[in-house]
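The next block holds one structure in the form of structure tokens; read it before the comments.
The values are calculated or read from the model by the stated rules, or taken from the named source; none is laboratory data. Note that the coordinates shown come from a computational prediction; the quantities given were computed from them, not determined experimentally. Glycine also receives a Cβ, built like all others from the backbone with ideal geometry; neighbour counts cover every protein chain displayed.
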Amino acid sequence: MGSITLEHVNKSFGGHQVIPDASLEIEDGAFVVFVGPSGCGKSTLLRLIAGLEDTTSGIIRLDGEDVTQRGPAHRGLAMVFQSYALYPHMTVRQNIAFPLKMANTDKATTERKVDDAARVLNLTDYLDRKPRQLSGGQRQRVAIGRAIVRQPKAFLFDEPLSNLDAALRVNMRIEITELHQHLKTTMVYVTHDQVEAMTMADKIVVLNAGRIEQYGTPMELYRTPANKFVAGFIGSPRMNFLEGAHAEKYRAATIGVRPEHLRISRESGDWHGRVGVVEHLGSDTFLHVHMEGVGLQTVRTEGEKEFVPGDTVWLSPDPSRIYRFDQSGLALR
Amino acid sequence: MATRESRTIARIMMAPSVIVLLIWMIVPLALTLWFSFQNYNLLNPVVTFAGWLNYQFFLTDPAFAQSIVNTLLLVGGVLLITVVGGIFLALLLDQPIWGQGIVRILVISPFFIMPPVAALIWKNMLMHPGYGIFARIAEAFGQQPIDWFAQVPLFSIILIVAWQWLPFATLILLTALQSLSEEQKEAAEMDGANAVRRFIYIILPHLARAITVVILIQTIFLLAIFAEVLVTTNGGPGYNSTNLAFLVYRTALLSFDVGGASAGGVIAVILANIVAIFLMRAVGRNLDA
């Protein structure tokens, strides 16, 4: 069991308000990702849940129980840190066994649980090594092993993949997702990478300047962003925004079109522009098109189409996939 | 140092300093060894070969055994106080407090006071049985003041030297403490370790190397403590606070026996090496990466 509820949580450091007012309901067993640009308060929010920071006001509930005043050790949560925070003087076995030792678990049980965790995480051959003899991905798995032996109510991940190289990151992404499917425990995961958020999450919380901008499934966020910030943050490459005359045609202050919803043609279309940079990815090609009076727009086309910089092209948005926003950036429906 | 040529040049460039250092070390050691086999007394102009006589006299001196014991007690006592006290002070100073910078400077200030001055301050201001602060405190509680240098001479010197070396230990341990990552402490907290267990399982192992450095460096200096003994007890009463360094001084400059003092010096070097080997066996493995 591990449902987490935040009720009007507020956090200030000195006079500086980091999280003005956050309310959130995380269901038991969900994989929730906090995503946002750096400095948006996503890590702070996670540390509030963990109990590593005190709330300035508001209530945090675990399984309906108020734990706001409880220390991190008494909340029954486990955390994986960005730096892994392994204990360098202990072997992998001792690292994983540490939470059990602190809970005064007997030897036989400890041994069994450590071996189980090591098997799940493919660490059996490394149990007698020290952390410094392991690679980044292995260290990451030890940190996860240390978290799972306690059978916590929920796992908290604080940007766990940002110290890994790109290839390993993709692997670990899949491993963590599989672990979640296997354990079915609530996981809260903080990242600044919207690709990680989209691929791993059951539900995503988009944060901006300490405010929860939107909370929903990845596809909800992609299809119906609540405002301009979410629309721009979710999706890669990011959404194109047009203002002025182009937007007025659709009775909005700003309109947004995703690069994948723009059709490109050499002969005719709604908007006229000139091709700038061309990025060939093989399966896709991203064209950066300069539009008169609007600026740079990104278009996604199939990889086979050949355009060269300087080509004159026409762009036409898919009329059913145009997002409209009012003056304050809120979505118009 | 990639090519053979650059290695050769490096060797040639380093040679002068290596040679100077070697002479610097070898000449005094050789002279001491030479004198230790001579009948060389400042009151007697005739210098003759003595064989092992100087060593025999020094080792059978009734003060010798006690001075060895005193030296080891002095080193051990000061190490115990400074390491335990240093860890405690470092933990305190690591807390965020108002005026942290000033407090830290105050804590390291005893290290800047030269040993004879520190010893005299302790002797006359604090430990004097008549007008010392400790005597006044004892009187305030209706107790007989302790005559520190008469009743517990060696312990008094241990206290003074520990006071001088506590800042050094604190400083080294504090910097080590500050290099412990915040996330590691938080991880231990999440893992359910309370403050005491965090200290035992996380902080103390992290400090192991710094503690080793403190022990090794302090031992080198503590084996040669001299000024504090000279200005407070003068080695007495009897030989109660005479350590090896002071015994060598007595032999050389009070008995004018340069040969005997040289023999004592050689024995002191041997003792220092025994202690060093013992220490490296005991704590040296902490220094391996």
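One table, with the values for the structure above:
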| quantity | calculated |
| --- | --- |
| Answer residue from segment A:57-102, given it is more than 14 Å from chain B (Cβ to nearest Cβ) and under 19 Å from A:Arg146 (Cα atoms) and is surrounded by the most Cβ atoms within 10 Å (Cβ to Cβ) among those | A:Val92 |
| Filter pass, B:Ala272 being within 14 Å of another protein chain (Cβ to nearest Cβ), in a helix (DSSP H, G or I) and modelled with pLDDT of 85 or more | no |
| Helices (runs of 4 or more DSSP H) fully within segment B:133-234 counting 3 or more residues that are in contact with a helix residue (DSSP H, G or I) (Cβ under 8 Å, 6 or more places away or on another chain) and within 30 Å of B:Lys123 (Cα to Cα) | B:153-178, B:204-222, B:227-232 |
| Segment A:38-49 - residue that is touching a strand residue (DSSP E or B) at 6+ places or on another chain (Cβ under 6 Å) and of a type in the set (Ser, Thr, Tyr) and, of those, nearest to the other protein chains (Cβ to nearest Cβ) | A:Ser43 |
| Selection status of A:Leu52, at the interface with chain B (Cβ under 10 Å from one of its Cβ atoms), out of contact with any Cys (no Cβ under 9 Å at 6 or more places or on another chain) and either touching a residue at least 60 places away in the same chain (Cβ under 8 Å) or buried (at least 17 other Cβ atoms within 10 Å of the Cβ) (or both) | yes |
| Any hit, segment A:103-113, residues being closer than 24 Å to A:His180 by Cβ and either touching a residue at least 40 places away in the same chain (Cβ under 8 Å) or among the aromatic types (Phe, Trp, Tyr) (or both) | yes |
| Every residue from segment A:114-131 that is within 30 Å of the chain's Cα centre (by Cα) and within 14 Å of another protein chain (Cβ to nearest Cβ) | A:Val114, A:Ala117, A:Pro131 |
| B:Arg198 being of a type outside the set (Val, Ile, Thr) and within 19 Å of the chain's Cα centre (by Cα) | no |
| Hey, A:Tyr84 among the hydroxyl-bearing types (Ser, Thr, Tyr), within 20 Å of A:Ala154 (Cα to Cα) and in the same structural domain as A:Arg173 (by TED's automatic domain parsing) or not | yes |
| Which numbered condition A:Lys11 misses (of (1) assigned to a strand (DSSP E or B); (2) among the charged types (D, E, K, R); (3) within 25 Å of A:Ile174 (Cβ to Cβ)) | (3) |
| Residue among B:Val27, B:Val83, B:Val78 that alone is part of a helix (DSSP H, G or I), free of Cβ contacts under 8 Å to residues at least 12 places away in the same chain and not polar (S, T, N, Q) | B:Val27 |
| Some residue of segment B:88-105 being under 19 Å from the mean Cα position of the chain (by Cα) and either of a type in the set (Val, Ile, Thr) or loosely packed, with under 14 Cβ neighbours inside 10 Å (or both) | no |
| Out of A:Glu267, A:Glu220, sole residue that is farther than 30 Å from A:Met187 by Cβ and either among the small types (Gly, Ala, Ser) or surrounded by fewer than 18 Cβ atoms within 10 Å (Cβ to Cβ) (or both) | A:Glu267 |
| Number of the condition not met by B:Ile203 [criteria: (1) buried (at least 20 other Cβ atoms within 10 Å of the Cβ); (2) β-branched (Val, Ile, Thr); (3) away from chain A (no Cβ under 14 Å)] | (3) |
| Qualifying residue in segment B:45-67 (condition: of a type in the set (S, T, N, Q), outside any helix (DSSP H, G or I) and within 16 Å of B:Ser255 (Cα to Cα)) | no |
| B:Pro110 being touching a residue at least 40 places away in the same chain (Cβ under 8 Å) and in contact with a Pro (Cβ under 7 Å, 6 or more places away or on another chain) | yes |
